[in-house]
Structures are given as structure tokens and as C-alpha cells.
Amino acid sequence: MGYQFTSNSTSTANMSNTGMNMRGKITFYEEKNFQGRSYECMNDCSDMTSNLSSASPAGVESGCFMVYDRSNYMGNQCFMKRGEYSDYMSMMGMKDCIKSCRMIPMHRGQYRMKIYEKENFGGQSHEMMEDCDNVMDRYRMNECQSCNVMDGHWLMYEQPSFRGQMMYVRPGEYRSFKDMGMSGQKFMSMKRITDSCN
């Protein structure tokens, strides 16, 4: 299944997804400050509520993950890499506990994404291969409301300079960010996920 319910024990697993050898493990606890029952997750988990009544991330032992405050990878999101996170609520601006998480596979190679000013690939468009800290300054676009990711994994931010709410996008077409639970969201900066996810 890719995840494991534990009582504060540790283990590692080699996971294979789309032919890639990936490793990752994030541990969640029911209570703050690493207290209560724990749940180790080693790949995607669309609904954590079946395992813990509430989930607070304790730390990422290996890999990179996106955590979401709604099931099925919806709602507010936060990028987590190796480290401990004892007070994620205030740090990430999340209003609720973690309901789902997604492991981000390591990407080797080029990064390419085409961004569009309007939904359904409308308005101005620009192809990107590098980080962009402000779409208005660089491309004279007021906002980004849809995109097509050809290569790599990216984080999109609602404000310039990689600030505000974020959204994870991987290769695929994103005609409307509303479909991902980001109603009314417009993005102003984009960053490649180049962190080592080992």
C-alpha cells in the first residue's frame, strides 16, 4: 500500500512508481509535539482520516512531500522536505489538520511549463524553463490561471517572490485551478522543485 500504521517505530521502503526508484517517508502524529498515535507514509495517501483522527506532521525522514488540508490532494498545500515540523499550523498558514499527502518524485532532466493568463489555456502564454519570481515583471502577464507542465515538478505561488499560498503541479494539463480546490486562485510566481528528494 505504501503506508504503514505504527506505534513510533521506524522503517524504510523502496517504492517504485512509473519506473522510478523513489524513497520517502513522512511521519504524522495525532497530537502536536510528536504525541499520540503515529502514521508513517511512504507514498501518496489520498485520505489520512481513515488512519488518524487528526494528523500533524512530525517530520520528513527522506524525500519531499506536499501536504494538503483536504482529502484527495485538495485545498491549502505545503511543500515539506527533510526536517522536523513541530508547529506546521502557524508556519504553513493551514487552518485545519493534514488530510492527504503526496510524495514528490525526484526529477532529473529539463524543466518545462507553459503558463496561460486565463483558464482553459486562454490569453497570453509563455513557456518557462527556469524559476520566475514575478510573471508581471517578466512576461507582462497580470496572472496565471492555467498551465501545461511538460517536464519536471513545480510550485506555483499566489504572490510574487514565491510567497503566499502554493500549489504543486506535475506533468499534465491544468485547465482550471478551481478543479484542484483552488477556487479564485491566481498565481504570480513559479519555482522548479530542484531539492534533493533523497
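The values are calculated or read from the model by the stated rules, or taken from the named source; none is laboratory data. No experiment lies behind these values; they were computed from the predicted model shown. Every residue, glycine among them, receives a Cβ derived from its backbone with ideal geometry; neighbour counts consider all protein chains shown. Only protein heavy atoms, including side chains, enter the accessible area calculation; ligands, DNA and RNA are left aside. Shrake-Rupley method; radii C 1.70, N 1.55, O 1.52, S 1.80 Å.
The stretch between residue 112 and residue 133 holds 6.0 nm of extra length on full extension. This uses 0.36 nm per residue minus the Cα-Cα distance.
Between the beta carbons of residue 161 and residue 119, assuming R0 = 25 Å, the FRET efficiency works out to 0.55 to the nearest 0.05.
The mean sequence separation of alpha-carbon pairs under 8 Å and at least six residues apart, normalised by the residue count of the stretch 112-192, gives a relative contact order of 34 percent.
For residue 130, what charge total do you get from the other residues with a beta carbon under 12 Å from its beta carbon, if Lys and Arg give +1 and Asp and Glu give -1? Once positives and negatives cancel, what remains is +1.
Return the carbon/sulfur percentage of the accessible area of the stretch 25-104, one whole number, probe 1.4 Å, all protein chains in place.
Its accessible area is 42 percent carbon and sulfur atoms.
The 3J(HN,Hα) values that the Karplus relation (6.51, -1.76, 1.60; θ = phi - 60°) gives for the stretch 124-135 are, in residue order, 4, 9, 8, 8, 10, 10, 10, 4, 9, 7, 6, 5 Hz. Gly and Pro appear as x. Distances between placed amide hydrogens fall under 5 Å for residue 131 paired with 192, all partners being 5 or more residues away or on another chain.
Here the calculated FRET efficiency for residue 54 and residue 84, from their Cβ-Cβ distance with R0 = 25 Å, stands at 0.85, rounded to the nearest 0.05.
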